[in-house]
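What follows is a single structure, written as structure tokens, with notes after it.
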Amino acid sequence: MDLRYGAEHEQFRVVVRDFLARCWTKGGDAAEFRQKAVAAGYLYRGIPKRFGGSEQPSEILKARIITEEFARARAPMEVKGNGVQMLVPTLLECGEEWQKEQFVPKTLTGEYRWAQGFSEPGAGSDLASLRTRAELRSGQWVINGQKVWTSYAKQCRYMFALVRTEPAAPKHEGISYLLIDLDQPGIDIRPMKQINGGIDFNEVFFTDATTPEHWIVGRRGEGWKISKSLLKHERNMLGGIDRSDAMFESLLKLAQRSTIEGECAIKVPWVRDRLAALKAELEVQRYSSMIQLSRELNGEGGGVLQMMNKLVQSNFAAAVAELSNAIIGDESLISPIGNEKPGNERWVNQYMNSLAAAIAGGTSNIQRNIIAERGLGLPREGEKA
Ligand SMILES: Cc1cc2nc3c(=O)[nH]c(=O)nc-3n(C[C@H](O)[C@H](O)[C@H](O)COP(=O)(O)OP(=O)(O)OC[C@H]3O[C@@H](n4cnc5c(N)ncnc54)[C@H](O)[C@@H]3O)c2cc1C
């Protein structure tokens, strides 16, 4: 197997490197740099120019090279967050023209930030049980109910939400997808304090909150179908060999700078064993990502391997975090708030984040169900083989 990208693509890499050398200096203005990168065709490649993208043909290897080179130069990539990674693809696929014009460009620059209003106290994995309802009155949706675990709602101006608009329809067909301005009196956002001291999550209460009738994406009752295309984007966004590589490299550095009973951690046999096992897993991930890349190049889609990405990635993150805690020792029992050893706080946080990552965007058990049922064709829960 020849893993090189080929002369034409290596030439493209040189051009990207040259652009980065000219246009990016560490600590520079990210927004200004992004504008230049869009103009050069490197960012927002799949998005039409009229909505603020660079509208490039879909070339998977070039996109991959851009990611590699931007990461190497530590240059800003696309703005992160629900808006760019989840709402924009959904609007481009299912939105009205005016919705794309009004919301996509300012979301791409980071000016508009979006919260994801899906989960509710009685509806997480079983999302279709959601009960927040919206009724159409005099050209407006009037919304009542509650969302929970809404990340960064306090910092967001808008929300895309799933709400029940057709109470008499079967549960999957009674849901609509609404865009909502969070800055209004009918909405109460209450932050939730986390074990690591952060307050990233919120409960969001709607009491006769409103949104205009035409701020619906797709038709009434189509919200479930639309949310499915959205969750596909979310799952893809959560995978990625680059993140695993970075995590493993940081873990190696931790082992190199830490001591266990007076010996450098990297020389301790049980640490070496676990590092070697993790390195083997990392290489499996790398070959899996190459197979997926080849399949995409051949127009075959990612298949079952793609369905496994989120689970593999979050299991790996958990194993890295567990080993880091074992290396840090008793210090890892201290809460990140007040953990005094510089650098260790980050690892304790990473451990806690790894627990969250196994839940966010679909729990690990739900991922296993998807792999088994949709990927391997095993019988569904309760179905006879
Ligand atoms: C870091 C983080 C960020 C989040 N951000 C947001 C956000 O911005 N917006 C938003 O809407 N939501 C957000 N969530 C919520 C998230 O989507 C839900 O927590 C998740 O879908 C699980 O739902 P739940 O918490 O109700 O757990 P439940 O669905 O009650 O699951 C509890 C347990 O039962 C298991 N389980 C449930 N059903 C099955 C089944 N059929 N088969 C096997 N096992 C099953 C699950 O795997 C889990 O272990 C976030 C969560 C986290 C952790």
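Read-outs throughout are calculated quantities, based only on the coordinates presented, and are distinct from any laboratory measurement. Owing to the predicted nature of the structure, the values given are computational and were not obtained by experimental measurement. Here the Cβ positions follow ideal geometry from the backbone for every residue, glycine too, while neighbour counts run over all protein chains shown.
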Requested in this report: Run the dipole for the stretch 53-149 about the Cα centre, Lys and Arg Cβ at +1, Asp and Glu Cβ at -1, nothing else charged, and hand back the magnitude in debye, nearest 20.
Outcome: 380
Report task. Evaluate the Debye formula for the stretch 239-375 with equal point scatterers sitting on the alpha carbons, no solvent, and hand back log10 of I(q)/I(0) at q = 0.13, 0.14, 0.21 Å⁻¹, in q order, two decimals. Result -> -0.62, -0.70, -1.23
Requested in this report: Go through 62/310; 36/80; 147/171 and tell me which ones have a Cα-Cα distance over 20 Å in this structure.
Outcome: 62/310
**Report entry** Environment charge of residue 242, counting only residues whose C-beta is closer than 13 Å and scoring Lys/Arg +1, Asp/Glu -1
**Finding:** +1
Query raised in the report: Between 171, 26, 62, which gets the highest mean-square fluctuation from a Gaussian network model of the chain, Cα cutoff 10 Å?
Result: 26
Query raised in the report: Taking a ≥ b ≥ c as the square roots of the eigenvalues of the Cα gyration tensor of the chain, is the shape rounded (a/c under 1.5), prolate (a/b larger than b/c) or oblate?
Result: prolate
Report summary line: With x for Gly and Pro, the residue-by-residue ³J(HN,Hα) of the stretch 207-214, computed from phi through the Karplus equation 6.51 cos²θ - 1.76 cosθ + 1.60 at θ = phi - 60° and given in whole Hz, is 10, 6, 5, 10, 8, x, 3, 7
Query - GNM top mover of 275, 311, 333 - the chain, alpha-carbon springs below 10 Å - result: 333
Report task. Quickly estimate the mean residue ellipticity at 222 nm for the chain, helices only: each DSSP H run with n ≥ 4 gives -39500 (n - 2.57), and the total goes over all residues, rounded to 500. Result -> -14500 deg cm²/dmol
Query raised in the report: residue 333 to residue 287: FRET efficiency via 1/(1 + (r/R0)^6), r the Cβ-Cβ distance, R0 56 Å, to the nearest 0.05?
Result: 0.90
Report task. State, as an integer percentage, the relative contact order of the chain based on alpha-carbon contacts under 8 Å between residues 6 or more apart. Result -> 11
Query - For the stretch 323-329, 3J(HN,Hα) per residue [Karplus equation, 6.51 cos²θ - 1.76 cosθ + 1.60, θ = phi - 60°, Hz, x = Gly/Pro] - result: 5, 4, 5, 5, 5, 5, x
Report summary line: Under the rule rounded for a/c under 1.5, else prolate if a/b exceeds b/c, else oblate, using alpha carbon gyration tensor axes a ≥ b ≥ c, the stretch 242-288 is classed as oblate
Query raised in the report: Which lysines does residue 253 reach when only Cα atoms under 16 Å apart count, and residues fewer than 8 places away in its own chain are ignored?
Result: 267, 279, 341
Report summary line: Placing each pseudo-label 7 Å from Cα in the direction of the beta carbon, residue 68 and residue 188 end up separated by a distance in nanometres of 5.4
Query raised in the report: In terms of modelled amide H atoms, which long-range or inter-chain residues lie less than 5 Å from the amide H of residue 222?
Result: 177
Report task. Would you mind putting 320-331, 371-382 in packing order, based on average other-beta-carbon counts within 10 Å, highest first? Result -> 320-331, 371-382
Query raised in the report: For labels at residue 280 and residue 297 in the simple 7 Å Cα→Cβ model, what's the distance in nm?
Result: 2.9
Report summary line: Here, residue 368 and residue 61, labelled 7 Å along Cα→Cβ, have an inter-label distance in nm of 3.9
Report task. Would you work out which of 57, 11, 47 lies farthest towards the positive end of the dipole of the stretch 7-72, given +1 charges on the beta-carbon of Lys and Arg and -1 on that of Asp and Glu, about the Cα centre? Result -> 47
Requested in this report: Quick one: check the C-alpha center-to-center distance for the stretch 344-385 versus the stretch 250-312, whole angstrom.
Outcome: 18
Query - Using alpha-carbon coordinates, inclination of helix 60-72 to the longest axis of the chain, degrees - result: 60
Requested in this report: Show me 85-96, 43-54, 256-267 ranked by packing, highest mean number of other Cβ atoms within 10 Å first.
Outcome: 85-96, 43-54, 256-267
Report summary line: If R0 = 56 Å, then residue 7 and residue 109, at their Cβ-Cβ distance, give a FRET efficiency to the nearest 0.05 of 0.95
**Report entry** Under 5 Å, built H, 5+ apart or other chain: amide partners of residue 45
**Finding:** 54
Query raised in the report: Using alpha carbons only, how many degrees (0 to 90, rounded to 10) separate the axis of helix 30-39 from the longest principal axis of the chain?
Result: 80
